[in-house]
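Encoded as structure tokens, the structure appears first; notes follow it.
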Amino acid sequence: MPRVVVRSVGSATPRALPLPASPSSRPGDAGALSPASRTPTSPAMSVRCAPVEAAAHARDVQCRAGPETSAAGSLALGIDFGTSGCRVSVIDGESQQIVYEGAGKYVGEQDDPTASWRQAMVTLVTSVPEEVRARVGSVAIDGTSGTTILVDIDTGDVLAEPKMYFEAQPAEAVAAVRAVAPENHTTRSSSSALCKLLTWYTSGLIAELERAGKRPVLMHQADWAAWLLHGQWCSDWNNALKLGLEPDTGTFPEWMTSKPWAKYLPPVAHAPGTVVAPVTATAAVLLGVPADCKVCAGTTDSIAAFLAAGVTEPGQAVTSLGSSIAIKLLSEVRVDDVERGVYSHRLDGSWLVGGASNAGCTVLRQLFTDEQIAELTPRLDPDTPTGLDYYPLPLEAVGERFPVGAPDRRCKVEPRPDDDAVFLQGILEALTSVEASAYAVLAEMGATPVKEVLTAGGGAKNPKWQAMREAAIGVPVRAAEQGQASYGAALLALRGAAKS
């Protein structure tokens, strides 16, 4: 029988966010949250999270204060759950300047992912100066696309190990999805959120949980983090895309809603930036934000980075060079191809086309320190290719999803030359090749041709790598003025506050 994993404790810990009272399910349910029922009455849920103090794990937290702002107007808070750490940005509602930002690594993620995410968020938010938190009027959260969690909506228990964004699912679950999903639908990818839900469903885990009196539901990483703040079970258009949401309508199609597992899907998906609800009374006290602080629908980490970059015209694109390479192109044409990991999100009147590779800077972190990269970079020669035929997946990873679906592909960083500078250049060339291939695939499919690439993430800082990328893609490449996904999430929060 499948193993049931329940993570909760019965008593509160000083800084762990508690379980929202009467968490909502589907609209109109008797248990839905209302302004009168926002004071928690059930025991706090800490998901085995140790007490979190603002100064805890200070070695893993980096903070920066921005310029002073006028007293008028609220501030907006953006929280980014990236692939390797959490970041917060607080921006001014009038100037959109950064008032404060901080970043921290996940502590203990391999042992207990949800506890580490919760702890990172609470640590970073409570590290924001008290006088700044007191002026935060809205908040939005982004998370890694496709990372899913099975949660008991009645108790808040995390019922199974989260399934990460890169995890391909077993053949039985993939076959179950492909038996009902239309050809070329994004859910047919083995790493889609729907395949993850069907893994829990077809394995018998969900049935076993229900026999044990649990009420499991699916949440994405960003959904769950927002739920900790407002207690509402919902999602957003962007995170729900890989679950099967139709971007044209913002709803799940009939081929999904007619299935017995439909009851585990989020009951509603909001447009990113939509005000969902104010924070719960307890969250307001624990985080030190106003009681009327609005929690807005979030997005994925790569789309948040895209929003931060300030793209305005079709043909402009953003490459996020983080643990994975994420490509986003503003296009007048929608294109989708599940076999090559290409999908389109709605973005105002255009389409945000792209995908995310499993290749990225993780392999650089595994093989070099920041100091070594800085020391070796001046010796790189973009005009003289190494000829090394590498594929830059993380060292132990298996499978590629974009720009080609290759579930059995493995990292290749051999042979290793004696000269570390040549070795580094060979890896950067391989990363560049993945990025250039991604844009070529989008053009081949009919998307608006790329005319400029803005770069987000740490890789934007390397001039030699930028030269390689410009030559390979054939268009200007520059660093985005604001490259952090947390800044894009803060912009969403600002948009929500302005509309409410």
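The values are calculated or read from the model by the stated rules, or taken from the named source; none is laboratory data. Here the structure is a predicted model, which is why all the values come from computation and not from measurement. So basically every Cβ, Gly included, is an ideal-geometry build from the backbone, and we count neighbours across all protein chains shown.
A few remarks follow.
- Unmet criterion (only one of (1) closer than 17 Å to SER350 by Cα; (2) under 25 Å from the mean Cα position of the chain (by Cα)) for MET445: (2)
- Residue match in the stretch 460-474 (condition: over 19 Å from the mean Cα position of the chain (by Cα) and in a loop (DSSP other than H, G, I, E, B)): yes
- The set of residues in the stretch 407-446 being farther than 20 Å from MET468 by Cβ and surrounded by fewer than 15 Cβ atoms within 10 Å (Cβ to Cβ) consists of PRO407, ASP408, ARG410, GLU414, PRO415, ASP418, GLU444, GLY446.
- Some residue of the stretch 315-326 being surrounded by fewer than 24 Cβ atoms within 10 Å (Cβ to Cβ), part of a loop (DSSP other than H, G, I, E, B), free of Cβ contacts under 8 Å to residues at least 40 places away in the same chain and outside the structural domain of PRO182 (by TED's automatic domain parsing): no
- Failed condition for THR377, given (1) within 19 Å of ALA460 (Cα to Cα); (2) of a type in the set (Ser, Thr, Tyr); (3) surrounded by fewer than 16 Cβ atoms within 10 Å (Cβ to Cβ): (3)
- Condition met for SER302 (buried (at least 24 other Cβ atoms within 10 Å of the Cβ) and either within 23 Å of VAL125 (Cβ to Cβ) or touching a residue at least 40 places away in the same chain (Cβ under 8 Å) (or both)): yes
- The listed residue being in contact with a strand residue (DSSP E or B) (Cβ under 9 Å, 6 or more places away or on another chain), surrounded by 20 or more Cβ atoms within 10 Å (Cβ to Cβ), assigned by TED's automatic domain parsing to the domain that holds SER89 and not small (Gly, Ala, Ser), out of VAL295, VAL335, VAL342: VAL295
- The strands (runs of 3 or more DSSP E) falling completely within the stretch 96-199 that include 3 or more residues that are of a type outside the set (A, V, I, L, M, F, W, C) map to 98-105, 136-143.
- Total residues in the stretch 91-133 satisfying the condition of being surrounded by 22 or more Cβ atoms within 10 Å (Cβ to Cβ) and in contact with an Asp or Glu (Cβ under 7 Å, 6 or more places away or on another chain): the figure is 2.
- In the stretch 181-205, the residues that are not assigned by TED's automatic domain parsing to the domain that holds GLU339 and among the aromatic types (Phe, Trp, Tyr) reach residues that are assigned to a helix (DSSP H, G or I) and at pLDDT 95 or above with C-beta atoms within less than 7 angstrom, at least six apart or across chains, in these pairs: TRP200/ILE206; TYR201/TRP261.
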